[in-house]
1. Across region 32-54, which residue is modelled with the lowest pLDDT among those that are in contact with a helix residue (DSSP H, G or I) (Cβ under 7 Å, 6 or more places away or on another chain) and polar (S, T, N, Q)?
2. Give region 1-39 a look and list any residue that's of a type in the set (Gly, Ala, Ser), in a loop (DSSP other than H, G, I, E, B) and closer than 15 Å to residue 54 by Cβ, or say none.
3. List every residue pair whose Cβ atoms lie under 7 Å apart, where the two residues are 6 or more positions apart in sequence or sit on different chains, the first residue falls within region 1-23 and is over 21 Å from residue 74 (Cβ atoms), and the second residue, located anywhere, is hydrophobic (A, V, I, L, M, F, W, C) and surrounded by fewer than 18 Cβ atoms within 10 Å (Cβ to Cβ).
4. In region 55-78, what residues are in contact with a helix residue (DSSP H, G or I) (Cβ under 7 Å, 6 or more places away or on another chain) and not hydroxyl-bearing (Ser, Thr, Tyr)?
5. For region 24-50, which positions are more than 13 Å from residue 76 (Cβ to Cβ) and hydrophobic (A, V, I, L, M, F, W, C)?
6. Please go through region 53-64 and pick out each residue that is over 17 Å from residue 13 (Cβ atoms) and either of a type in the set (D, E, K, R) or surrounded by 12 or more Cβ atoms within 10 Å (Cβ to Cβ) (or both).
7. Examine region 53-62 for a residue that is part of a strand (DSSP E or B) and more than 12 Å from the chain's Cα centre (by Cα), and state whether such a residue exists.
8. Looking only at region 40-52, which residues are among the hydrophobic types (A, V, I, L, M, F, W, C), surrounded by 14 or more Cβ atoms within 10 Å (Cβ to Cβ) and part of a helix (DSSP H, G or I)?
Amino acid sequence: MRIILFANTDWYLYNFLQALAQALHERGDEVVLASRDGRYGPSMQAMGIRWLRFPLARRSLNPLVEICTILRLLKLYW
């Protein structure tokens with residue numbers, strides 16, 4: 001099963017979802033972590049978990065930008 005954990009910062013993924021991601025990975029699930037670029041992404045990759053840079057406009061209120069973000073998230077599932 002493919003499981004995608006998404007956050008607006010890699011710091012959040014690393015500090016709060018790392019144990020969950022590792023447990024799912026060890027269980028045999030395909031785990032994908034997606035967040036904006038930062039210094040924690042390579043650390044997560046070193047654990048053997050796939051991490052993707054996911055550009056994100058944190059303060060955008062533009063509906064078109066948000067729709068594009070949702071479409072890019074959906075694309076990760078395929």
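The values are calculated or read from the model by the stated rules, or taken from the named source; none is laboratory data. No experiment lies behind these values; they were computed from the predicted model shown. Note that we place each Cβ from the backbone using ideal geometry, even for glycine, and neighbour counts take in every protein chain shown.
1. Step by step, filter region 32-54, then rank; the result is 43.
2. First, pick out the residues of region 1-39 that are of a type in the set (Gly, Ala, Ser): 7, 19, 21, 23, 28, 34-35, 38.
From what's left, in a loop (DSSP other than H, G, I, E, B): 7, 28, 38.
Within region 1-39, 7, 38 meet the criteria.
3. 22/47
4. Matches in region 55-78: 56, 57.
5. Hits for region 24-50 are 24, 44, 46, 47, 49.
6. Hits for region 53-64 are 57, 59, 60.
7. Step one: of region 53-62, the residues part of a strand (DSSP E or B) are 53.
Right, trim to more than 12 Å from the chain's Cα centre (by Cα) and you get none.
No, every residue in region 53-62 fails to be part of a strand (DSSP E or B) and more than 12 Å from the chain's Cα centre (by Cα).
8. Passing the criteria: only 44.
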